[in-house]
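Read the figures in this text as sums done on the coordinates, not as results from a lab. Note that this is a predicted model, so its numbers are computed, not measured. Here the Cβ positions follow ideal geometry from the backbone for every residue, glycine too, while neighbour counts run over all protein chains shown.
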Amino acid sequence: MAELLVSIAALVGAALVFVAALGVLRMPDLYSRMHAATKAGALGSGLLVLAAAAAIGETSMTLRAVATIVFIFLTAPVAAHALGRAVFRNGRDR
Amino acid sequence: MIGIPLSVAAVFLVAAASPLIVSRTGRWAGWLLAAAPATLFAWFASRAGEIADGRLWFAVDWVPSLGVRLAFALDGLSLTFVLLISGIGALVVVFAGDYMADDSDLGRFFGLLFAFMGAMLGLVLADDLITLFVFWELTSLCSYLLIGYKHEAAKARAAALQALLITGGGGLALLVGFLILGGVADTYALSEILGMGATVKASAAYPAILLLVLLGAWTKSAQWPFHAWLPNAMAAPTPVSAYLHSATMVKAGIYLLARFDPVLGGTALWLWLVTPIGVITMLLGAVLALGQTDLKRVLAYSTLTALGTLVALLGLSFPEAVKAAVVFLIVHSLYKAGLFLVAGAMDHATGTRDIRELSGLRRLMPLTALAALLSGLSMAGLPPLFGFVAKELTYKAKLGFGGGEMLLPAVAVLANALTVTAAGIVAVRPFIGRSSDAATRARDGTPALLLGPLVLGAAGLALGLAPYLVGQRLVEPAISAVLGAPFEIELSLWYGWNTALALSVGTIALGLLVFLRRHSARRAIERAIEALPVTADSVYGGGLTLLTRTAAAQTRLLMRGGTSIHLFVILAVAGLLLWTALAPLTGLSAPPMPRADWVAWILAALVVLEAIGAVRARQQLAGAAALGALGFSVALLFLLAGAPDLATTQFLVETLIVLVLVLVLRRLPATPEPRPGAGRRAGAAAAALAVGGGFTALMLGVVAGPYDPALADFFANASVPDGKGRNIVNVILVDFRALDTLGEVAVLGVAALGVLVLVEGVRPLPADRAAWESPILDVVDRFLVPLLAGFAVFLLWRGHNEPGGGFIAGLVAAGAVALRVLASGPAAGRALLRFDPRVYVGAGLLLALVSGLWGPLLGFDFMTGVWTEVPLPGGPLKLGTPLLFDVGVFSVVVGFSSAVLVKLEERHG
């Protein structure tokens, strides 16, 4: 059962990261590309890390996984925000 | 005899403490500081009895593998110099304390002066060729810094550089001479070499050794044709001229000749190389002195005369000549230092040193006049002053040479007569006659300004009346040291009616005659100098111009104004070397491909793709991003290979590099770079492939060879018992190879200073591109910065046992600074740091150094780890100097990274 959950989390995470990558390639403008990269990327890599932590099953690993997720959630939006701002300010959003 | 090296060390210590002492004691600094050399003078003088029979000696191994020892010895010759250095040093320091009281940088001045004093003492006390050379160079460096003390003046800087180039060049010749001499004698110990005169003179290398050592002596003692730097060195403050450029440093060459006389002297080659140069210098100085109008330059040229006389006497090398040289050495140091101080006092009182503007000071500055008269009479060689004794001995020595040769005495009479004239110009003329305009408000100086000139003048009188005061105790051991055999003398003022006395009378008469015609003499000499096609100064200037032009041409050839060409040359040469060195090693046969799992292959493919991306990127920003990604992939490969420390360092360094690259790129126009032509691209590709391919082949070859685990096993086994840590990488860095790390962080510190200087020249950022101010980034930054800082401390602490350590922790902390700088600007970055980045660099280096000093304190080698255990409830806490060292590394890394980040962002328009 645990193994099944881990597999699902890992597979969904990988799929999300893949979708994010596709989005960066295919979306028409920068804001859409940014949206793909951050939202799917954050969730995707978050799920992957969770899956890894669950598979190993040690407290120290779980702690590190949680820390990693917190850092991703803290930094990914800021990076997107900074990018968007820079593009908006320079008027090069097409 | 530990007192000898301690005395040298003490002087250097005073040098280091000078700025503090000056800032605390103000106008009493001179008196206070003079206590140090005065104490040394008394201590060494009290040793005179002991060394009359032999030498005092001290030595420790310095570089045992090369046979170099830090060795000191005290004999009669050294003692004579030591007493002059410390005695005159004390008087000059007292004088300088008042003479330079208005100088805002007096601490630096005294620091340099004492550093020179220590170097000079070390020079004359050294009993090892290499020790002697090190101190020799130190005196040149101190002289450079002191001549250029008023570095705002271009003239002072040029004079300082000239002195450094000439004496430094001679120093290099001396080093080579010493190395050959050490090879011939099979030892660097001076006391042993001194007994090997016959061996050395018989060896085939003797002429080379002699010439090289003489080049050192000639340049240092300003002998023709290397004399030009000495008159120009008068750009230094007067106390420096009195001390370095008349009494002590220029005598270092004389010391060298005297010291090596038993080894190198007494041959025909010695005689014909040394004496003629001395005679030329003597005459040149005597004539040119009369062509000067500046008091100090008159004195400088008359110093040349004295140095030439000494060199000529030492070239003769027989006992009477050596006796005259030793006595004249003492005499000249006393009267010349005294006259320089008098010149300084006159300059201080009247504001001019021009001999045409100084007269009638007798009534206004009676005590200065008295001091000047005493020193001046000694310079002129009049009885009953000590100068008279020296001149009589000089004449006797020169008359004693080769019987019928009258050329030498005749030249000596001429030079001495002109010296009498110069003495009149400097020591008598300014004080007699009607008061000049400049003299009207002149007064005798403070006690500090009078003490030196009066004591030195009085010493010349006392020794003239009672020469036995120094005869047996000082002069006799000194002569014995030069001759290498015991020698007994009796000094006295009156030797009876003889030829030397007749020559003296003639000298004084001739000197007075020229003095009466001094103005026309000066104009004639000035005209003659102008008419000369070449002077020593013009040769020096021409040589310097040639050197800089050659350097400029070479730079234009190699540095063609673009990094790409520069890089191409470096890479092409590196590639070529790599392949030519590689070919014999591997035979260029394809080594077997290493086995690796598929994750490694994927990462390798990624690295290749990112490299292509970086090369093909049309915009610099994209190229920087691709390079960063490449670095991360390589770091992952490191991680895969089981090197977490290396990988972590790589991650952090890549992050910071991309950041710095972006900060730099922000300053460049955002337009894509024009694509270079096909030829250049092909060339660049060839060079890159040669280097990359070469390294790949090298790595494959190394991996294919048999693996020797000896070193890895050693570190794995020794890490915990010897280094008290489980993280081998960190233990190697801070314990086993700590000295290497110390060198590396020192390089980092120097690089930080270089970056700070370079960034000053960076074009400022346009104001509109500087603003950032994002509330979102700001808020996140407030969470992240403390987190990162805490994480850095954690990494630093655990680094000795688990991945981490000072370097990694420093990079993480630098990341925190970078984030703060990006979010809130460089001012906020500085506020976060609290201290200037340079403070972190300096404090880190100091900490690393101090941590290494624990070992020697307990009798181990430098940088040996010292550990202690603190009992704590949760188990003993191990604390050791390697941890302290790691904190130092941490601090340097933080300082370096912050310096780059903060400085780059601070350059706004």
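If you build the convex hull over the alpha carbons only and average its shadow over all orientations, what do you get for region B:468-559? Give it in nm² to one decimal.
About 13.8 nm², averaged over all directions.
Give the long-range amide H neighbours of B:Phe72: residues separated by 5 or more places, or on another chain, with amide H under 5 Å away, using H modelled in the peptide plane at 1.01 Å from N.
Residues meeting the criterion, in which the H sits 1.01 Å from N, are B:Phe58, B:Ala59, B:Asp127.
Determine, for each peptide in B:318-331, B:647-660, A:55-68, the mean count of other beta carbons within 10 angstrom over its residues, then list the peptides with the highest first.
Sorting B:318-331, B:647-660, A:55-68 by mean packing, highest first, produces B:318-331, B:647-660, A:55-68.
State, as an integer percentage, the relative contact order of chain A based on alpha-carbon contacts under 8 Å between residues 6 or more apart.
The normalised contact order for chain A reaches 31 percent.
Among B:Lys251/B:Lys323; B:Lys201/B:Lys391; B:Lys150/B:Lys903, which pairs are too far apart, with a Cα-Cα distance over 25 Å?
B:Lys201/B:Lys391; B:Lys150/B:Lys903
In debye to the nearest 20, how big a dipole does region B:730-847 give about its Cα centre with +1 on each Lys and Arg Cβ and -1 on each Asp and Glu Cβ?
For this selection, approximately 140 debye.
Of all DSSP beta bridges located in the protein assembly as shown, what percent are antiparallel, nearest 5?
Taking every DSSP beta bridge within the protein assembly as shown, about 95 percent pair in antiparallel fashion.
Suppose every Lys and Arg Cβ carries +1 and every Asp and Glu Cβ carries -1, with no other charges. What dipole size does the protein assembly as shown come out with about its Cα centre, to the nearest 20 debye?
Magnitude of the dipole: close to 3080 debye.
Can you sort B:Ile776, B:Ile4 so the residue with the fewest Cβ neighbours within 10 Å comes first?
Ascending number of Cβ neighbours within 10 Å: B:Ile776, B:Ile4.
If the only charges are +1 at each Lys and Arg Cβ and -1 at each Asp and Glu Cβ, what is the size of the charge dipole of region A:2-90 around the Cα centre, to the nearest 20 debye?
So the magnitude is around 420 debye.
What does the structure give for B:778-785 when I average, per residue, the other chain Cβ atoms found within 10 Å of the residue Cβ?
2
Over all directions, average the projected area of the Cα convex hull of region A:2-90 and note it in nm².
Averaged projected area of region A:2-90's Cα convex hull equals 5.8 nm².
List the relative contact order of region B:314-453 as a percent without decimals, with contacts defined as Cα pairs under 8 Å and 6+ residues apart.
Answer for region B:314-453 is 40 percent.
Lys/Arg Cβ at +1, Asp/Glu Cβ at -1, dipole of region B:794-909 taken about the Cα centre: which of B:Pro873, B:Val902, B:Gly859 is farthest positive-ward?
Looking along the dipole axis, the top candidate is B:Val902.
In peptide A:74-82, what is the residue-averaged number of other protein chain Cβ atoms found within 10 Å of each Cβ?
Mean shielding count: 4.
Just rank B:Phe715, B:Phe178, fewest to most, by other beta-carbon atoms within 10 angstrom.
Ranked by crowding around the Cβ, least crowded first: B:Phe715, B:Phe178.
From the backbone phi of region B:134-140, what are the Karplus-calculated ³J(HN,Hα) couplings (6.51 cos²θ - 1.76 cosθ + 1.60, θ = phi - 60°) in whole Hz, Gly and Pro given as x?
4, 5, 4, 5, 4, 5, 4
Find the relative contact order for chain B and round it to a whole percent, using C-alpha pairs within less than 8 Å whose residues are 6+ positions apart.
8
With θ taken as phi - 60° and the coefficients 6.51, -1.76 and 1.60, list the Karplus ³J(HN,Hα) couplings across region A:7-17 in order, rounded to whole Hz; mark glycine and proline as x.
For region A:7-17, the Karplus curve yields 4, 4, 4, 5, 5, 5, x, 4, 4, 4, 4 Hz.
Listing B:Leu13, B:Leu244, B:Leu795, B:Leu339 from the residue with the fewest other Cβ atoms within 10 Å to the one with the most, what is the order?
Going from least to most buried by this count: B:Leu13, B:Leu795, B:Leu244, B:Leu339.
Tell me, what are the semi-axes, in whole angstrom and largest first, of the equivalent ellipsoid of region B:512-645 as set by the roots of 5 times the Cα gyration tensor eigenvalues?
Calculated on Cα positions only, the semi-axes equal 67, 20, 16 Å.
Just going by the charge dipole of chain B, with Lys and Arg at +1 and Asp and Glu at -1 on Cβ, which of B:Ile88, B:Ala478, B:Thr187 is farthest out on the positive end?
Sorting the options by dipole projection puts first B:Ile88.
Starting from one equal scatterer on each C-alpha and no solvent at all, send me the Debye-based log10 I(q)/I(0) for chain B at q = 0.04, 0.09 Å⁻¹, two decimals.
-0.26, -1.03
Given bins 10 angstrom wide, list per bin the percent of all Cα-Cα distances in region B:801-903, short to long.
So the P(r) values, bin by bin, are 16, 36, 28, 16, 4, 0.
Excluding residues on the same chain fewer than 8 positions from B:Lys398, give the aspartates and glutamates whose Cα lies under 16 Å from its Cα.
Result set, ordered by chain and number: B:Glu320.
Once the Cα gyration tensor of region B:508-562 is diagonalised, what are the square roots of 5 times its eigenvalues, in whole Å and ordered largest first, as equivalent ellipsoid semi-axes?
They are 47, 9, 7 Å, listed from largest to smallest.
In the protein assembly as shown, with Lys and Arg counted as +1 and Asp and Glu as -1 at Cβ, which of these residues, B:Ala746, B:Gly424, B:Ser435, has the Cα nearest the positive end of the dipole, that is, farthest along it?
Positive-end residue among those listed: B:Ser435.
Hey, what angle do you get for helix B:29-46 against the long axis of chain B, alpha-carbon based, 0 to 90 degrees rounded to 10?
Approximately 70 degrees, to the nearest ten.
Grab the alpha carbons of the protein assembly as shown, take their convex hull, and tell me the volume per residue in Å³.
It comes to 235 Å³ per residue, whole-number rounded.
Based on the mean of other Cβ atoms within 10 Å per residue, sort peptides B:675-686, B:166-177 so the most packed one is first.
Ranking the peptides B:675-686, B:166-177 by packing returns B:166-177, B:675-686.
So which lysines pass the test for B:Lys724, namely a Cα distance under 24 Å, with those fewer than 8 places away in the same chain ruled out?
Within the straight-line limit of under 24 Å, B:Lys724 reaches these lysines: B:Lys878.
Along region B:522-533, what does the Karplus equation 6.51 cos²θ - 1.76 cosθ + 1.60 (θ = phi - 60°) give for ³J(HN,Hα), rounded to whole Hz, x for Gly and Pro?
4, 5, 5, 5, 4, 5, 4, 5, 4, 6, 5, x
If packing is taken as the mean number of other Cβ atoms within 10 Å per residue, what is the order of B:103-109, B:392-398, highest first?
Result, highest mean Cβ count within 10 Å first: B:392-398, B:103-109.
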